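Engineer: Please read through the structure below; I'll follow up with questions.
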Amino acid sequence: MSLKTIRYKLKYTKDSMPGLDAINNKLKEVYAGQEPKHWATIVPYELGGEDPLWATKIYKSDKEPQHLHYLTLGFTNLFYDPEFAKDEVNGFGFELTFRYIPTVDEIAEPIWPMNFLGNISKYVFSSKKAFDEGHYMSANGPLCTGADTEVTAFAFCLDPELGEI
């Protein structure tokens, strides 16, 4: 057993959620006092569900311009598992964030960004190909089907507020 695995087992218990706790602690720093909208998967992927993500959180950012900040949970190892302690990279090594400036007409948080992030997750989990800073990808059409947009591709960068966790 490696020293890294021993340290992991001493620090965490089977009830621990080290990955999830690390993400939530950072989000509490950035969005102090705000309770996010939380959209969870009904049946986890590991149990036969269709969506590889465990959940998506949505925060309202007051940073200019005001926007919605979507954050995935599930590309990294969120829960206790000493097997992950020996890995150099946590899961795929990233979670995705998506910042969206709502239109004047939008009352509720739109769902399409979560569908978009979910589609990316299905690609990553099926292909086993991770994304890194500077990667980009064509969406083969508008990011939001039926929307009046010319945005047909996306790029990956480090989230400016969350950084690496």
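The values are calculated or read from the model by the stated rules, or taken from the named source; none is laboratory data. Fair warning: this is a prediction, and the values are worked out from it, not measured in the lab. Here the Cβ is made from the backbone with ideal geometry for all residues, glycine too, and neighbour counts use every protein chain on show.
Engineer: Determine, yes or no, whether PRO142 is assigned to a loop (DSSP other than H, G, I, E, B), out of contact with any strand residue (DSSP E or B) (no Cβ under 6 Å at 6 or more places or on another chain) and surrounded by 16 or more Cβ atoms within 10 Å (Cβ to Cβ). Please lay out each step first, then the result.
Structural biologist: Values: assigned to a loop (DSSP other than H, G, I, E, B): yes; out of contact with any strand residue (DSSP E or B) (no Cβ under 6 Å at 6 or more places or on another chain): yes; surrounded by 16 or more Cβ atoms within 10 Å (Cβ to Cβ): no.
Spelling it out, it is not the case that PRO142 is assigned to a loop (DSSP other than H, G, I, E, B), out of contact with any strand residue (DSSP E or B) (no Cβ under 6 Å at 6 or more places or on another chain) and surrounded by 16 or more Cβ atoms within 10 Å (Cβ to Cβ).
Engineer: Take residues that are modelled with pLDDT under 90 and touching a Phe, Trp or Tyr at 6+ places or on another chain (Cβ under 9 Å) and tell me which of the helices (runs of 4 or more DSSP H) falling wholly in the stretch 1-120 contain 3 or more.
Structural biologist: On the way: elements: 3-11, 18-30, 82-85.
Correct list: 82-85.
Engineer: Note down all Cβ pairs under 8 Å where the first residue falls in the stretch 53-69 and is farther than 22 Å from VAL124 by Cβ, the second is among the aromatic types (Phe, Trp, Tyr), and they're at least six residues apart or on different chains.
Structural biologist: TYR59/TYR31; SER61/TYR31; HIS67/TYR100; LEU68/TYR59; LEU68/TYR100
Engineer: Okay, next question. Failed condition for ASP132, given (1) in a helix (DSSP H, G or I); (2) free of Cβ contacts under 8 Å to residues at least 60 places away in the same chain; (3) more than 25 Å from GLU64 (Cβ to Cβ), with all others met?
Structural biologist: Here ASP132 clears every test but (1).
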